[in-house]
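Okay, handing you the structure first.
The values are calculated or read from the model by the stated rules, or taken from the named source; none is laboratory data. Quantities reported herein were computed from a predicted structural model and do not represent experimental measurements. Quick reminder, even Gly has a Cβ in these numbers, built from the backbone with ideal geometry, and neighbours come from all protein chains shown.
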Amino acid sequence: MKEIDYIIVGDGYAALFFAHQLILNKKSFVVFSSGEKSASHISAGIINPLVLKRFTRFWLAQEQLDALRKTLKEIETYTGENYWINEPIHRILHDEMERDVWTKKCKREDLKPFLSSDFKSFDEVKNSFGTGCVLQSGRLNVQAFFADFFSYLKEINAINFEYFKYEELDAEENIYQNFKFNHIVFAEGMAVRNNPYFKNIPLIPNKGHQLNLKLSENLDNKTFKKKYFLFPTSENRFYYGGTHDRDHLENEINEDSVKDLKKSLEDFYEKDYEISSVYYAFRPTVGDRRPILGRHSSHENLFVLNGLGARGILNGNYFAKDLFDFIETGKPLLEEVDVKRFLK
Ligand SMILES: Cc1cc2nc3c(=O)[nH]c(=O)nc-3n(C[C@H](O)[C@H](O)[C@H](O)COP(=O)(O)OP(=O)(O)OC[C@H]3O[C@@H](n4cnc5c(N)ncnc54)[C@H](O)[C@@H]3O)c2cc1C
């Protein structure tokens, strides 16, 4: 029997940002990874402090951005790379009205740190009303982040590429197969529905599609957003997405979502393009738009970290630390995110 501090079930943002806390604090652990391409692995990697429909601030925006920058520096010490790509979002303005709203909002004290005070115009895309730049925004290098993190976990012998079998968990004795653990953190995204201990947390799946593209004209390392995000991933390769759909949840590509992507792209990119692949996955969202974390109501060593919604990177990083502090030091969780709010 191998004695360890933690088991983590899952391999997306929630799981890996929690694993980072364990690495930082020299805890022993093992991650169980299904090896599937889920929401985190196909995400755009956008780090965005704003709600881009209304130009308002995302919850705890500055705190979450600061925490993420800190984490990425810490991760760099063991993977050798900082995955923050310094390419801010250029929001293509739809009309005169949006331009007026932006002009007013960028003067507000609470929004000044996030909305540029001037507008820019670019030749590569149609932007008749100009673009506003989201200050402090950027992108995570998603491919490299996961590839390097998994390699590091392999190197320190802390990952099992196996599906975690709930029926083999002895939650009374804290034993799973040949592991005797102190705590388990479940970070399975939508697949938590297979978990008998947390299957009832009220997640709402939000299906997102994205396209991988070849464009006939380069974008010069810029991230554009009109309806969805468009940015380069490598030489002449581009990412466009992702859609939001709560109604068509089949395990297959929805042609209507692909049509929507194409139409909205052609609305601002008028040159030729080729679709090389289409992916979809399910975001774990919550009705009150807050993550769900905390302790199981009757098994005190079982924890959940989920409900990251459309902000897997910022929420995942920020609340992984809160959950770690809660488990290790008893620091209370924010009421808004505590799983207890659903147990009343
Ligand atoms: C198209 C799209 C674009 C997005 N773009 C962005 C973006 O730009 N920025 C942003 O911040 N967020 C973005 N998101 C949202 C973000 O991806 C999610 O918030 C985030 O991925 C949720 O992370 P998670 O770790 O909770 O779940 P997941 O990413 O679903 O990861 C959970 C993993 O655990 C595995 N697992 C489950 N059960 C088991 C088990 N029993 N044993 C082993 N493994 C198991 C699953 O297979 C899965 O791989 C996007 C989402 C989509 C769909």
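Yes/no matrix, rows are residues, columns are (1) in a strand (DSSP E or B); (2) at pLDDT 95 or above:
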residue: LEU16; (1), (2): no, yes
residue: HIS20; (1), (2): no, yes
residue: VAL30; (1), (2): yes, yes
residue: LYS37; (1), (2): no, no
residue: HIS41; (1), (2): no, yes
residue: ALA44; (1), (2): no, yes
residue: ARG54; (1), (2): no, no
residue: TRP59; (1), (2): no, yes
residue: GLN62; (1), (2): no, yes
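Report the residue count in the range 32-51 for those that are free of Cβ contacts under 8 Å to residues at least 60 places away in the same chain and within 6 Å of the ligand (Cβ to nearest atom).
Just the residues of the range 32-51 that are free of Cβ contacts under 8 Å to residues at least 60 places away in the same chain, to begin with: 36, 51.
Then keep just the ones that are within 6 Å of the ligand (Cβ to nearest atom); that gives 36.
Residues that pass the stated criteria total 1.
If you take the residues of the range 299-318 that are in contact with a strand residue (DSSP E or B) (Cβ under 7 Å, 6 or more places away or on another chain) and part of a loop (DSSP other than H, G, I, E, B), which of them is farthest from the ligand (Cβ to nearest atom)?
Looking at residues that are in contact with a strand residue (DSSP E or B) (Cβ under 7 Å, 6 or more places away or on another chain) and part of a loop (DSSP other than H, G, I, E, B), I get ASN301.
Looking for whichever is touching a helix residue (DSSP H, G or I) at 6+ places or on another chain (Cβ under 7 Å), more than 30 Å from LEU115 (Cβ to Cβ) and either β-branched (Val, Ile, Thr) or near the ligand (Cβ under 9 Å from one of its atoms) (or both) here; the options are ILE4, ILE8. Which one fits?
On inspection, the qualifying residue turns out to be ILE8.
Here is a yes/no grid of residues against (1) touching a Ser or Thr at 6+ places or on another chain (Cβ under 9 Å); (2) loosely packed, with under 15 Cβ neighbours inside 10 Å; (3) modelled with pLDDT under 95:
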position: LYS73; (1), (2), (3): no, yes, no
position: THR77; (1), (2), (3): no, yes, no
position: ILE85; (1), (2), (3): yes, no, no
position: ILE89; (1), (2), (3): yes, no, no
position: LEU93; (1), (2), (3): yes, no, no
position: GLU96; (1), (2), (3): no, yes, no
position: GLU109; (1), (2), (3): no, yes, no
position: SER117; (1), (2), (3): yes, yes, no
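What pairs can you find where one residue is in the range 173-185 and modelled with pLDDT of 95 or more, the other is among the basic types (Lys, Arg) and in a strand (DSSP E or B), and their Cβ atoms are less than 6 Å apart, with a gap of 6+ or different chains?
ASN178/LYS2; PHE179/LYS2
Can you tell me which residue within the range 140-157, out of those that are touching a helix residue (DSSP H, G or I) at 6+ places or on another chain (Cβ under 7 Å) and aromatic (Phe, Trp, Tyr), is nearest to the ligand (Cβ to nearest atom)?
PHE146
Is the range 292-308 home to any residue that is in contact with a Phe, Trp or Tyr (Cβ under 7 Å, 6 or more places away or on another chain), more than 21 Å from PRO49 (Cβ to Cβ) and surrounded by fewer than 19 Cβ atoms within 10 Å (Cβ to Cβ)?
So far as the range 292-308 goes, yes, one or more of its residues are in contact with a Phe, Trp or Tyr (Cβ under 7 Å, 6 or more places away or on another chain), more than 21 Å from PRO49 (Cβ to Cβ) and surrounded by fewer than 19 Cβ atoms within 10 Å (Cβ to Cβ).
Moving on. Count, please, the residues in the range 158-217 that happen to be near the ligand (Cβ under 9 Å from one of its atoms), assigned to a strand (DSSP E or B) and of a type in the set (S, T, N, Q).
Going through the range 158-217 one residue at a time, the tally reaches 3.
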